[in-house]
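Notes follow the structure.
The values are calculated or read from the model by the stated rules, or taken from the named source; none is laboratory data. Not measured: the values here are computed from a predicted model. Here the Cβ positions follow ideal geometry from the backbone for every residue, glycine too, while neighbour counts run over all protein chains shown. Side chains included, ligands, DNA and RNA excluded: accessible areas come from the protein's heavy atoms. Shrake-Rupley method; radii C 1.70, N 1.55, O 1.52, S 1.80 Å.
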Amino acid sequence: MSIQYQPQDGASEPKWKTVWWEEDEQGATVCLVDQSVLPQEIVSLHLRHEQQVADAITSLKVRGAPAIGVTAAFGMALAVWRFVRDHEEATLITDEIMTQLQAAGKLLGRTRPTAVNLFWAIERMLQRAEQAVQQPLLPQQLAQLLRDEAQAIADEDAAACLSMGTLGASLIDDGDILLTHCNAGALATAGLGTALAPIYVAHRAGKHVHVFVDETRPILQGARLTAWELQQENIPLTLITDNMAGHFMRSGGINAVFVGADRIAANGDVANKIGTYSVAVLAHAHAIPFYVVAPCSTIDLKIPSGDHIPIEQRDPDEVIAVRGAQVAPVGVRVANPAFDVTPHQYVTAIITEKGIAHPPYDVSLGQICSEHNTI
Ligand SMILES: CSC[C@H]1O[C@H](OP(=O)(O)O)[C@H](O)[C@@H]1O
């Protein structure tokens with residue numbers, strides 16, 4: 001089933017939606033572009049149970065910090081929508097409905113440990129429900145209210161992407177050659193993206209940019225997703241393997257690096273896709289600006305440094321085989337951390353939707369994002 005393409009609306013929208021909500025006579029569905037089969041197949045998934053939503057996050061059918069936060073919010077709304085539909089005779093918001101919501105939050109919170117957006121979105125949905133049940137609402141009203149809250153999280157993320165894109169584009173000059181790692185584009189968010197948003201906005205404003213795309217082993221988010229996104233946008237790109245980044249930096253070909261983030265600590269340490277730390281050290285060695293683009297929902301002011309960020313360890317098979325084709329002997333010992341931490345000293349600036357943070361980050365991030373951290 002081909003995905004639902006949205007017409008591009010000027011400079012502010014991606015060409016498609018990554019995650020969205022639909023309702024039909026059978027009930028509600030959380031809809032996703034299935035990123036695990038891109039770019040060979042462009043299909044959407046229509047999920048009717050929160051367990052399916054959790055499985056989609058765990059198996060990276062949907063991935064990217066903001067996107068999994070939005071997806072989890074829709075998954076929680078789906079759990080209540082499903083429960084209310086199955087108990088149409090109910091007229092009061094019973095403890096049962098809240099228990100259903102809390103159980104969905106726990107289920108979705110167990111999917112992936114690193115991206116703080118996931119936990120931020122779950123907590124926001126729970127707080128919205130706890131606030132709502134203080135009022136004399138019918139169950140159907142609570143279900144609609146939670147669907148609207150999830151949609152609000154998605155809409156706010158889309159607005160944040162455009163804001164980050166506009167702020168970040170000011171750092172891009174006509175003719176720049178840029179490097180990205182992993183995928184932090186529209187597929188990773190509910191809008192234009194994080195790290196790719198400045199590139200989209202600069203390109204749409206007429207700046208000539210060329211992007212070197214790290215393939216990003218082992219899941220190849222760069223080769224499969226970023227390359228596909230940039231092609232959709234007619235932005236020139238060169239796909240490279242991860243071990244080529246240093247060579248192209250040394251040969252003077254890279255003007256700046258733009259990456260996303262999954263969690264940023266209060267001191268500016270950045271957890272992002274594995275390999276980001278290596279890119280940051282190489283950029284520092286070559287005096288190339290290293291920009292991190294992330295909404296305030298990715299900044300975790302509750303943790304003092306990157307040492308406290310949980311790093312997801314993924315299935316060894318992701319390293320032993322590529323799309324099912326074995327490349328290493330079975331039975332070898334494998335390490336497969338999905339993320340690493342870049343110390344803040346290697347980060348030139350952090351571009352959020354509320355402003356660009358510069359060192360010292362333990363001051364600037366609090367100034368820019370403090371209100372966002374208290375949901
Ligand atoms: C805009 S967040 C994108 C962020 O998420 C990716 O990780 P994953 O593909 O495992 O979800 C990667 O760290 C990106 O920078």
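Scanning segment 287-296 for residues that are within 12 Å of the ligand (Cβ to nearest atom) and not hydrophobic (A, V, I, L, M, F, W, C) gives a single hit, Pro295.
When you scan segment 325-337, do you find a residue that is open to solvent by less than 20 Å² (accessible area, probe 1.4 Å) and hydrophobic (A, V, I, L, M, F, W, C), even just one? No: zero hits.
Mind listing whichever residues of segment 311-321 are under 23 Å from the mean Cα position of the chain (by Cα) and open to solvent by less than 50 Å² (accessible area, probe 1.4 Å)? Glu312, Arg314, Glu318, Val319 - these are the residues of segment 311-321 that are under 23 Å from the mean Cα position of the chain (by Cα) and open to solvent by less than 50 Å² (accessible area, probe 1.4 Å). Among the residues of segment 88-110, those that are open to solvent by 60 Å² or more (accessible area, probe 1.4 Å), more than 16 Å from Gln131 (Cα to Cα) and outside any helix (DSSP H, G or I) comprise Glu88, Glu89, Thr91, Arg110. Consider segment 169-184 and keep the residues that are in a loop (DSSP other than H, G, I, E, B) and away from the ligand (no atom under 15 Å from the Cβ). The one that is least open to solvent (accessible area, probe 1.4 Å) is Ile172.
Residue count for segment 185-205, restricted to those that are assigned to a loop (DSSP other than H, G, I, E, B) and either away from the ligand (no atom under 16 Å from the Cβ) or within 18 Å of Asn255 (Cβ to Cβ) (or both): 2. Going through (1) more than 18 Å from the chain's Cα centre (by Cα); (2) of a type in the set (A, V, I, L, M, F, W, C); (3) surrounded by 17 or more Cβ atoms within 10 Å (Cβ to Cβ) one by one, Val292 falls short only on (1).
Filtered by the rule that a residue be open to solvent by 30 Å² or more (accessible area, probe 1.4 Å), more than 10 Å from the ligand (Cβ to nearest atom) and part of a loop (DSSP other than H, G, I, E, B), segment 206-219 gives Gly206, Lys207, His208, Glu215, Arg217. Only one entry of Ala152, Ala115 meets the criterion of being of a type in the set (Gly, Ala, Ser), at pLDDT 95 or above and surrounded by 15 or more Cβ atoms within 10 Å (Cβ to Cβ), and that entry is Ala115. Residue-level analysis places Gly165 among those that are within 13 Å of the ligand (Cβ to nearest atom), in contact (Cβ under 8 Å) with a residue 24 or more places away in the chain and farther than 30 Å from Pro316 by Cβ. When restricted to residues that are within 15 Å of the ligand (Cβ to nearest atom) and surrounded by fewer than 19 Cβ atoms within 10 Å (Cβ to Cβ), segment 243-286 contains 1. Residues in segment 255-271 that are under 14 Å from Thr194 (Cα atoms) and small (Gly, Ala, Ser): Gly260, Ala261.
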